[in-house]
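Comments concern the structure below.
Please treat every number below as a calculation from the coordinates, not as lab data. Note that the coordinates shown come from a computational prediction; the quantities given were computed from them, not determined experimentally. Glycine gets a Cβ as well: all are built from the backbone with ideal geometry, and neighbour counts include every protein chain shown.
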Amino acid sequence: MINWREEIKKFVIKKDDGTPGAAPRVQMDVKGMIGQPDLLYAIVMEMGDLILKKHPSIKAIGSHGVGGSFLISPIMLYVYGHWFNVNGFFVRLGPPVNSYDLPIEGRLAKGWRVLIIDTVIKTGNSSLKAYELLRDYGCEVDGIVVIGDLSNGDNACTRAGIKVEALVTL
């Protein structure tokens, strides 16, 4: 089996914008990860097992961006194969593109316990906004699970007291 913790480091991209004294912008190459099925499968198994062990009362998993969106369906299928039906949703952080766009899409109901999934957490601002939208909708957010933590545990979510679980610190 692939050592995904080592392999994932190849997909972390640091870009210097040329501003003197500014920290480089860090992101994860999600499209590259999708193109490597052994890596994707290893990550889905790891996240799925974490959900099965630590979040048995959730009713849905979802994301707020492209990175986490590609993880929702395979993790739902993995959990379904080992446990029971867990639903999926997407939180739209920006303004609607069309008149029928909703802030939260997918299968989700008020009162459900849910989990936010993403590839990485840096500042935590986007995840915090998704958390607040879900809470305002009437859901109980069990926490946030990410592949990689680029903040070393210091981000807007952890400062707000939200549980953030990372498979690896990058």
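The table below gives the values:
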{"read-out": "Total formal charge among the other residues, if their Cβ is under 15 angstrom from that of residue 57, Lys/Arg +1 and Asp/Glu -1", "value": "+3"}
{"read-out": "Cross-link pairs beyond the 25 Å C-alpha cut-off, checked among 10/122; 31/163; 59/129; 14/53; 31/53", "value": "31/163; 14/53; 31/53"}
{"read-out": "Around residue 41: net Lys/Arg minus Asp/Glu count, Cβ-Cβ under 13 Å", "value": "-4"}
{"read-out": "For the stretch 4-169: relative contact order, % (alpha-carbon pairs under 8 angstrom, 6 or more apart)", "value": "18 percent"}
{"read-out": "Summed residue charge, Cβ within 15 Å of residue 169's Cβ, Lys/Arg positive, Asp/Glu negative", "value": "-3"}
